[in-house]
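Engineer: Mind having a look at this structure? Questions to follow.
The values are calculated or read from the model by the stated rules, or taken from the named source; none is laboratory data. Please read all numbers here as calculations on a predicted model, not as lab measurements. As a convention, Cβ positions derive from the backbone with ideal geometry for all residues, glycine included, and neighbour counts pool all protein chains shown. Please note that ligands, DNA and RNA were not included when accessible areas were found on the heavy atoms of the full protein model with its side chains. Shrake-Rupley method; radii C 1.70, N 1.55, O 1.52, S 1.80 Å.
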Amino acid sequence: MIILDQQVYLKYNFFYALQTHHSYWYLLLLSAVIDYVTTLQFMIHGSIAMEANMVVRFLAYEVGIFSGVMVGKSLQIFAVMAFCSLSKELSRPVLLLMILINCIAIYLNTSSSWG
């Protein structure tokens, strides 16, 4: 694929990111699962209206809490896969950024429902 007059090898970049940063991918999946569980707890004990992510809030209203949050987390994983496919140099920062965002969301979900 050619983007801005440069050849981008999407499949090569994605598999490079999977092979070289596999521990980050595991951390991303783990943080996404924990974020899913804490978001569910937050929404069940609190309210869907308190969710900060507008996409997840919309999906929770339209298709239900469980499936809406699951679709929102799946979209996040697919977005990370797409960004890692575009640039192998930026795959590590993108993975770390999404792990950090998930960790902040876990903290906010648990502090608002338990604290």
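Engineer: Give, as ranges by residue number, the residues of segment 69-112 whose backbone N falls under 20 Å from the point 7 Å along Cα→Cβ of Leu18.
Structural biologist: 74-96, 98-99
Engineer: Something else: Largest first, please: the extent of the C-alpha atoms of the chain along each principal axis, to the nearest Å.
Structural biologist: 49, 28, 18
Engineer: Would you mind working out the magnitude of the charge dipole of the chain relative to its Cα centre, with +1 at each Lys and Arg C-beta and -1 at each Asp and Glu C-beta, to the nearest 20 Debye?
Structural biologist: Around 160 debye, computed over the chain.
Engineer: So if R0 is 35 Å, what FRET efficiency would Met81 and Met54 give, r being the distance between their Cβ atoms, rounded to the nearest 0.05?
Structural biologist: Here the calculated transfer efficiency is 0.95.
Engineer: Can you send over the solvent-accessible area of Glu51, 1.4 Å probe, protein chains only, in Å² to the nearest 10?
Structural biologist: Counting only protein heavy atoms, the figure is 20 Å².
Engineer: Still on this model: Would you calculate, for the chain, the mean residue ellipticity at 222 nm contributed by helices, counting each DSSP H stretch of 4 or more residues as -39,500 (n - 2.57) and dividing by all residues, to the nearest 500?
Structural biologist: -27000 deg cm²/dmol
Engineer: Mind checking which of Met54, Ile106, Leu96 is farthest towards the positive end of the chain's charge dipole, using Cβ charges of +1 (Lys, Arg) and -1 (Asp, Glu) about the Cα centre?
Structural biologist: Leu96
Engineer: How much accessible surface does Ile34 have with a 1.4 Å probe, in Å² rounded to 10?
Structural biologist: 70
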